[in-house]
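The values are calculated or read from the model by the stated rules, or taken from the named source; none is laboratory data. All figures in this text were calculated on a predicted structure; none of them were measured in a lab. A quick note on method: Cβ atoms are made from the backbone with ideal geometry, for glycine too, and the neighbour counts reach across all protein chains shown.
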Amino acid sequence: MSALPSHNLSTSIFFLTGFPGLEQFYAWIAIPFSSIYAIVLLGNCMILRVIWTESSLHEPMFYFLAMLAFTDLCMGLSTIQTVLGILWGFSNDISLDACIAQTYFIHGLSCTESGVLLAMSFDRFIAICNPLRYTTILTNTRVIQAGMIILLRSSLSILPVTIRLKFFHYCRHHILSHSFCLHQDLLRLPCSDIRFNSFYALALVICTLLLDSLLILLSYIQILHTVLAIASQEERLKSFETCISYICAVLVFYIPITGLTMVHRFGKHLSPLVHVLMGNIYILFPPLMNPIIYSIKTKQIRFKIQRFFLLKSV
């Protein structure tokens, strides 16, 4: 394991603390983390493969699910090198450019996932509240357009703050308190004026994550109102079942990100290990859980995956 830096090292190198106080257990901690990353990569690749190869799944709700799986896959890939590098004892240092790139992908992918979840809630809203117009509203062209808008929103909105990170003067210690680079963590190190980054980041959270979550909540309130108005209990249950996996995906994304935000804003008195654990939950929990949720709760996905493994075993 690399030694922690002295203050006179080049500003181009930063050191990640990993899991403070647990260094002697890294070999053991690496086992569950490696397993989690394996599940993240294999699970989301499986979802993408099933949707890609099964023509019966080529419809809007599964296109959005493919977007979600691809986003989760990229989130796992964006942090696997630094997290497992620390745990397996390869390296705990990272260059400024690599750190900024990792920051860009982590926060950009979070914004992308929020947008995809909003699109998925809109899909369910149309399917349940206006089913006769579903195929005319959510055409393949509009799904592609929605995906492009989500991607452009996340990739462009994150650029201003990440570009400015490159030009800060990092005169304090170069120790980052996670096993990967986060914007709020980097902002503690410069002697430069960081007010733009602080205010912009807050505005971005409000205009993307908070606004998306409110729109998702409103859409599901309307869905609930429509479902409860259905006379047949069997039809109500069927409608609820189509939304369960979407609701679970929303919860596994917004609960960790809200928890991490609260810890960073109001948990300065908490142990550094709590911050690190919340950061890893925020990064790994949604990519880990989403393939499991959709494999269990979505009948079409579950059937195709079961058939895939049965064919492989023959």
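Step by step: first the residues of the range 266-314, then only those that are surrounded by 11 or more Cβ atoms within 10 Å (Cβ to Cβ), over 19 Å from the mean Cα position of the chain (by Cα) and closer than 30 Å to HIS178 by Cβ, then the one that is modelled with the lowest pLDDT. Which residue is that?
If we take residues in the range 266-314 being surrounded by 11 or more Cβ atoms within 10 Å (Cβ to Cβ), over 19 Å from the mean Cα position of the chain (by Cα) and closer than 30 Å to HIS178 by Cβ, then GLY267 is modelled with the lowest pLDDT.
Which pairs turn up if I take residues in the range 285-314 that are closer than 20 Å to LYS238 by Cα and look for partners that are at pLDDT 75 or above and aromatic (Phe, Trp, Tyr) with beta carbon separation below 6 Å, at least 6 apart in sequence or on another chain?
ILE301/TYR294
Name the residue that is surrounded by the most Cβ atoms within 10 Å (Cβ to Cβ), counting only residues in the range 147-160 that are touching a residue at least 40 places away in the same chain (Cβ under 8 Å) and within 19 Å of the chain's Cα centre (by Cα).
Looking at the filtered set, the residue picked out is ILE158.
Yes/no per residue for (1) assigned to a helix (DSSP H, G or I); (2) crowded, with 16+ Cβ neighbours inside 10 Å; (3) touching a Lys or Arg at 6+ places or on another chain (Cβ under 9 Å); (4) of a type in the set (S, T, N, Q):
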position: LEU211; (1), (2), (3), (4): yes, no, no, no
position: GLU241; (1), (2), (3), (4): yes, no, yes, no
position: CYS248; (1), (2), (3), (4): yes, yes, yes, no
position: VAL252; (1), (2), (3), (4): yes, yes, no, no
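Looking only at the range 76-95, which residues are part of a strand (DSSP E or B) and of a type outside the set (Asp, Glu)?
ILE94, SER95
Could you tell me which numbered condition HIS178 fails, if it satisfies all but one of (1) out of contact with any His (no Cβ under 6 Å at 6 or more places or on another chain); (2) in contact (Cβ under 8 Å) with a residue 24 or more places away in the chain; (3) under 25 Å from LEU65 (Cβ atoms)?
With respect to (1) out of contact with any His (no Cβ under 6 Å at 6 or more places or on another chain); (2) in contact (Cβ under 8 Å) with a residue 24 or more places away in the chain; (3) under 25 Å from LEU65 (Cβ atoms), HIS178 is out only on (3).
Conditions tested, residue by residue: (1) touching a residue at least 60 places away in the same chain (Cβ under 8 Å); (2) buried (at least 20 other Cβ atoms within 10 Å of the Cβ).
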{"position": "ASP72", "(1), (2)": "yes, yes"}
{"position": "MET75", "(1), (2)": "yes, yes"}
{"position": "GLN81", "(1), (2)": "no, no"}
{"position": "LEU84", "(1), (2)": "no, no"}
{"position": "GLY89", "(1), (2)": "yes, no"}
{"position": "ILE94", "(1), (2)": "yes, yes"}
{"position": "ASP97", "(1), (2)": "yes, no"}
{"position": "ILE106", "(1), (2)": "yes, yes"}
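TRP52 fails exactly one of the following numbered conditions: (1) surrounded by fewer than 17 Cβ atoms within 10 Å (Cβ to Cβ); (2) modelled with pLDDT under 95; (3) under 19 Å from PHE285 (Cα atoms). What is the number of that condition?
Only one criterion in (1) surrounded by fewer than 17 Cβ atoms within 10 Å (Cβ to Cβ); (2) modelled with pLDDT under 95; (3) under 19 Å from PHE285 (Cα atoms) is unmet by TRP52, namely (3).
Report every pair of residues separated by at least 6 positions or lying on different chains whose Cβ atoms are under 7 Å apart, first residue within the range 35-62 and within 13 Å of ILE305 (Cβ to Cβ) and of a type outside the set (Lys, Arg), second outside any helix (DSSP H, G or I) and at pLDDT below 90.
none
Please go through the range 16-29 and give me each residue that is surrounded by fewer than 19 Cβ atoms within 10 Å (Cβ to Cβ) and among the aromatic types (Phe, Trp, Tyr), ordered by number.
PHE25, TYR26, TRP28
Assuming PHE19 fulfils every condition listed in (1) at pLDDT 95 or above; (2) in a loop (DSSP other than H, G, I, E, B) apart from one, which condition is it?
Failed condition: (1).
Select from the range 52-68 the residues that are in a helix (DSSP H, G or I) and under 21 Å from PHE125 (Cα atoms) and list them in ascending order.
LEU57, PRO60, MET61, PHE62, TYR63, PHE64, LEU65, ALA66, MET67, LEU68
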